[in-house]
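Below is one structure, written out as structure tokens, with a few remarks after it.
The values are calculated or read from the model by the stated rules, or taken from the named source; none is laboratory data. Note that the structure is predicted; figures quoted are calculated from it, not measured. Using ideal geometry, Cβ is built from the backbone for each residue, glycine included, and neighbour counts are taken over all protein chains shown. What goes into the accessible areas is simple: the full protein's heavy atoms, side chains included, and nothing from ligands, DNA or RNA. Shrake-Rupley method; radii C 1.70, N 1.55, O 1.52, S 1.80 Å.
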Amino acid sequence: MNIFRAGAAFAACVCACPTAFGAPSFDFDFTPGGNAAGGPAYTRVRGFGFEPANGHQFSVRVPEGNYAVTLRFAESREPRIVNVLAEQRRLMLENVPVGMATERTILVNVRVPELAALPENATGGTRVALKAREVGSLSWDDKLSIEIDSSDAKLRSLHIAPVDLPTLYLAGDSTVTDQAESPSASWGQMLPRFFGADIVVANHAESGETLKSFVTELRLDKLLSTLKRGDWVMVQFGHNDQKTQWPQTYAEAATTYRSWLRTYVAEVRRRGATPLLVTSPERRNFDEHGRIVPTLADYAEAMRAVAREESVALIDLNPQSVRFYEALGPEVSPRAFADEGRDKTHHNEYGAHALARMVIEGLRAADPKLTAGLESHVAADAGHFDASHPTPPDTKTP
């Protein structure tokens, strides 16, 4: 995915109004034909503005929660193509043509690391144990951040309002998390683009996480603290759980890994929400015959077994990823991975985009009796994806 950055100069009109949800709504007007450099820098006192580090990202300080963000683009003589990212590079809108005056609404989840105070004599913590790289990140701050990626589209106005809508939560590791720096990316941060404007995607995944550490660092507590009846949780772990060199978080596929998965399933169901299990994408290790050498097969099979035994919807991403890598072949497949292909586990924007489409196909293929209707929220323009016949990496999307 090619990223272009443009902005809009800020006009003085801003309105913050109370709503029934307790959080305020905001209206911002932008002068057409300007650029980000003409707008005010974000400060905590002002509570809104362009981030001074890059000038193309507009942020608004808001309470934790889900928000509908309506973007109105100015009319232009020639059609422009717009991508919209939110928070830490979550893909919200992709390749939207903007010629006539255009309005689009996206749904954005904002969270902070704090948890509610504990009752007297209760044990536990009141804050997620963030890694050093997460402190101050767009995933965990008290701002809603929007980035307009376009060749020349102009934003006329921005309306932000809290909403109470169904939410899809993601729990997982680095292959799911919102990666901070382009061109690295994960399927989790591409996923919002493939759902409609009637469901929020809240990505709680983080690099290095395992089923155990996600609990001990209070990440699962944080996720469960806002989980509501009727929501969904996709769970994907395995890459780090199998590391015997990490003895405190190692989980054997045949025993503890399965038990921890059952704990997640039970905690989600206890709150009236629906769990979905996602097998981990494979690593890119080819043999001399151009076939992928499996490194996660035991964990994928363990997850399938738990899904069968607990009647949980399964998205079997692992074999889909293998088909994708083998279809590209040993020479081309590195172009779907981070660090210019030197990384064999993590993906770039092209690879992550393809994996997100595989997740959507896996959702469509899952037992509809177990998905609680999640597939009905897939965007009308999500399209279909055949992992055995992907478009090459030099195209904008796989």
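Might you check whether a residue that is modelled with pLDDT of 80 or more, open to solvent by 20 Å² or more (accessible area, probe 1.4 Å) and closer than 15 Å to GLU147 by Cβ occurs anywhere in the range 18-40?
Looking for residues that are modelled with pLDDT of 80 or more, open to solvent by 20 Å² or more (accessible area, probe 1.4 Å) and closer than 15 Å to GLU147 by Cβ, one finds none in the range 18-40, hence no.
Based on what the data block shows, is ARG111 charged (D, E, K, R) and farther than 19 Å from LEU158 by Cβ?
For ARG111, the condition - charged (D, E, K, R) and farther than 19 Å from LEU158 by Cβ - is met.
Can you tell me which of (1) over 10 Å from the mean Cα position of the chain (by Cα); (2) open to solvent by less than 10 Å² (accessible area, probe 1.4 Å); (3) more than 18 Å from SER137 (Cβ to Cβ) is the one GLY196 doesn't meet?
So the condition that GLY196 fails would be (2).
Restricted to the range 103-138, and to residues that are more than 25 Å from the chain's Cα centre (by Cα) and without any contact (Cβ under 8 Å) to a residue 40 or more places away in the chain, which residue is least open to solvent (accessible area, probe 1.4 Å)?
The first filter runs over the range 103-138 and keeps only residues more than 25 Å from the chain's Cα centre (by Cα), leaving 117-125.
Adding the requirement that they be without any contact (Cβ under 8 Å) to a residue 40 or more places away in the chain leaves 117-123.
Numbers: ALA117: 91, LEU118: 72, PRO119: 92, GLU120: 163, ASN121: 143, ALA122: 49, THR123: 127 Å².
Taking the candidates together, the pick is ALA122.
Name the one entry in ALA382, ALA338, ALA387 that is within 29 Å of ASN240 (Cβ to Cβ), open to solvent by less than 40 Å² (accessible area, probe 1.4 Å) and within 19 Å of the chain's Cα centre (by Cα).
Values: ALA382 fails: within 29 Å of ASN240 (Cβ to Cβ); ALA387 fails: within 19 Å of the chain's Cα centre (by Cα).
Of the residues listed, the single one that is within 29 Å of ASN240 (Cβ to Cβ), open to solvent by less than 40 Å² (accessible area, probe 1.4 Å) and within 19 Å of the chain's Cα centre (by Cα) is ALA338.
Please pick out the residue among ALA366, ALA305 that is among the small types (Gly, Ala, Ser), surrounded by fewer than 23 Cβ atoms within 10 Å (Cβ to Cβ) and under 18 Å from ARG262 (Cβ atoms).
ALA305
Can you tell me which residue in the range 144-171 is farthest from ASN95 (Cα to Cα), limited to those that are surrounded by fewer than 19 Cβ atoms within 10 Å (Cβ to Cβ) and acidic (Asp, Glu)?
Within the range 144-171, the match that is farthest from ASN95 (Cα to Cα) is ASP164.
Just need a number here: residues in the range 176-197 that are in contact with a Ser or Thr (Cβ under 6 Å, 6 or more places away or on another chain), within 16 Å of ARG133 (Cα to Cα) and not polar (S, T, N, Q).
So the count comes out to 1.
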